Every structure is written in structure tokens, then in C-alpha cells.
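Everything below concerns the one structure shown next.
The values are calculated or read from the model by the stated rules, or taken from the named source; none is laboratory data. Values in this document were obtained by computation on a predicted structure and should not be read as measured data. FYI the Cβ positions are ideal-geometry reconstructions off the backbone, even for glycines, and counts take in every protein chain you see.
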Amino acid sequence: MTDSLDPEAVGRHLKGRFGKPYLYEPECESTQTLLLEGDYPEGAAAATDHQTAGRGRLGRHWVEAPGTSVLVSVVFHPPAERRPQELSLVAGIAAAEAVEGATGLTAQVKWPNDVMLNRRKVAGVLAEMRGHVVVVGIGINVNQTRPQLPADAKVPAGSLRTIVGATHDRAALLGSLLYRLERLYDGWRHGGLADIYTELGPRDFLRGRQVSVDGVSGVAVAIDRDGRLLVDAGHGAVTAVESGDVQYVR
Ligand code: BTN
């Protein structure tokens with residue numbers, strides 16, 4: 001691929017507040033680091049075409065072939081009355097919507113931070129805090145071929161290309177992602193997850209699936225308005241799980 005996420009390519013797709021300022025490096029360790037080390041306003045975004053030390057949740061690595069992905073981090077200054085960990089879900093919905101806009105297929109959010117398309121993980125979200133600032137990183141697998149994707153991932157990986165059979169314009173996808181993220185964030189800022197629940201509930205990938213998470217096994221019933229996963233262990237015993245790594249039955 002010869003396309004790029006440089007400011008010239010992305011600038012014409014930036015329609016709102018988010019992405020201003022827009023920091024770009026052709027290659028960097030991690031877009032998270034670019035923003036966590038600075039003092040940036042809300043909506044500031046950092047993007048790259050390749051990360052040499054991309055970070056995933058729970059200390060994992062996020063690895064991609066150069067020029068194949070959307071790799072972006074965004075700065076948030078959430079109000080004190082909101083639970084900052086919910087921003088992972090807000091970003092997951094935004095990524096799912098952007099993927100849907102690009103592919104015409106329905107994408108789902110796998111609690112707490114994955115985006116699924118055709119039962120494959122096509123995007124992941126990482127939220128990191130520094131004081132009251134939250135930096136949310138989003139990685140979307142866009143134009144990878146099958147051999148360029150991890151073969152041994154716990155959640156099977158896909159890219160928009162492997163699933164749809166066509167390449168996609170990464171700069172346009174990033175612009176759409178930032179616009180949707182801004183709109184959803186404004187809703188969440190105003191009224192929490194309840195305000196954007198109509199975009200989340202129907203996209204819940206785990207709903208109705210047998211899951212095991214944080215020592216609890218049962219059927220995932222829903223994500224509640226506080227961003228917790230409700231798991232029915234049987235006999236009406238429903239547990240609200242705050243966070244964790246979910247094992248699920250496909
Ligand atoms: C996960 O699924 O574990 C989360 C992956 C998050 C990856 C993105 S890519 C942009 C940003 N920079 C990083 O180093 N990580 C996030």
C-alpha cells in the first residue's frame with residue numbers, strides 16, 4: 001500500500017473538533033506514548049503508519065504490517081462525574097460504526113474493547129490514564145492480507161480486506177472514526193452510557209454467548225448502563241463484571 005495517514009491525506013476528512021491538533025509520525029513506537037508525554041487539549045489525535053512497539057491491553061503487543069492499519073490515539077478530559085473506563089466502550093462503538101460505514105456490514109463490540117466483524121477481531125481499544133487525562137488508542141486492521149495477521153491470536157483476527165475482499169481508504173476511515181468518536185463522546189459526556197445505549201446494546205457481541213470472565217462462568221446477558229458485563233451463572237444469579245479478559249464459546 002502506498003497510502004498514508006499523513007496530514008495531507010487525512011486533513012480533508014477531518015470534519016469536527018477531534019483531530020485538532022493532528023500529530024503524525026510515519027513510524028513511531030506507539031501513538032499512545034506521543035500523547036501521554038505531552039499536554040494536549042481534548043480531541044488532539046496522534047496517528048502513524050507503523051508502530052514498532054504497539055501496545056495492547058493487559059501488557060500485550062499490538063503488531064501490524066506497515067501501511068495496513070488505522071493506528072490512532074485521542075486525548076480526553078472526561079468530566080469527574082463519568083467513569084473514565086467507559087471510554088473504551090465509547091471508542092469501541094465509534095470504531096464499529098466507522099467499520100460499518102466503510103464495509104456496509106454490521107460490526108459488533110465485544111466487551112470490553114474489541115470490535116468484531118464476521119466473528120473476527122478487526123479492531124482493539126486501549127485506554128490509559130495520566131492524572132485526569134485519558135488517552136484512548138484505537139487500532140483497526142484495514143488492508144492486511146491473511147498472512148499479515150496473527151495466526152495464533154486468542155480471538156481470531158481479521159482485517160476489512162480479508163473479510164470484504166477489497167482494500168479501503170485508511171485516511172477516510174480515520175476521518176470517519178474521529179467524527180463518530182466525537183459525536184458519541186459528546187453524548188456520553190452529557191448523559192453517560194445511557195445516552196448512547198441504542199448504539200451499544202444491539203451491537204453487543206457477547207450477548208447470549210457462554211462466557212467465562214474474572215472467575216465467573218455463565219451466559220452473557222447484557223452490558224449495563226455502567227459499562228459492566230452482566231453474566232447469568234444460572235438460577236437467576238446475575239453477576240456484574242467490572243473488567244476482565246473474556247473467554248467465550250464461538
Ligand atoms: C487491544 O486489543 O489489546 C488494544 C489494542 C490497541 C492498539 C492501538 S493502535 C493505536 C494505539 N497505540 C498503541 O500502542 N496501542 C493503541
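Overview of values
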| item | result |
| --- | --- |
| Inter-residue pairs, beta-carbon under 6 Å, first touching a residue at least 60 places away in the same chain (Cβ under 8 Å) and in region 112-126, second part of a loop (DSSP other than H, G, I, E, B) and more than 7 Å from the ligand (Cβ to nearest atom), 6+ apart | Met116/Phe205 |
| Filter result for Glu100 (over 18 Å from Gly19 (Cα atoms), of a type in the set (Asp, Glu) and away from the ligand (no atom under 13 Å from the Cβ)) | yes |
| Answer residue from region 104-116, given it is hydrophobic (A, V, I, L, M, F, W, C) and more than 14 Å from the ligand (Cβ to nearest atom) and is surrounded by the fewest Cβ atoms within 10 Å (Cβ to Cβ) among those | Leu105 |
| Unmet requirement for Glu8, which otherwise passes all of (1) assigned to a helix (DSSP H, G or I); (2) in contact (Cβ under 8 Å) with a residue 12 or more places away in the chain; (3) away from the ligand (no atom under 15 Å from the Cβ) | (2) |
| Residue that is surrounded by the fewest Cβ atoms within 10 Å (Cβ to Cβ), among those in region 127-153 that are on the phi < 0 side of the Ramachandran plot and free of Cβ contacts under 8 Å to residues at least 40 places away in the same chain | Asp152 |
| Answer from Arg120, Arg60, Arg130 - the residue that is modelled with pLDDT under 95 and either of a type in the set (Ser, Thr, Tyr) or more than 9 Å from the ligand (Cβ to nearest atom) (or both) | Arg130 |
| Top-ranked residue in region 30-47 [being more than 8 Å from the ligand (Cβ to nearest atom) and of a type outside the set (A, V, I, L, M); ranked as farthest from Arg183 (Cα to Cα)] | Glu37 |
| Region 211-226 residues that are assigned by TED's automatic domain parsing to the domain that holds Leu87, paired with ones that are of a type in the set (A, V, I, L, M, F, W, C) and assigned to a strand (DSSP E or B) (beta carbon under 8 Å, 6 or more apart) | none |
| Matching residues in region 63-91 - criterion: being part of a helix (DSSP H, G or I) and more than 10 Å from the ligand (Cβ to nearest atom) | Pro84, Gln85, Glu86, Leu87, Leu89, Val90 |
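Yes/no per residue for (1) more than 16 Å from the ligand (Cβ to nearest atom); (2) within 12 Å of the chain's Cα centre (by Cα); (3) of a type outside the set (A, V, I, L, M):
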| position | (1), (2), (3) |
| --- | --- |
| Ala151 | yes, no, no |
| Pro156 | no, no, yes |
| Ser159 | no, no, yes |
| Trp188 | yes, no, yes |
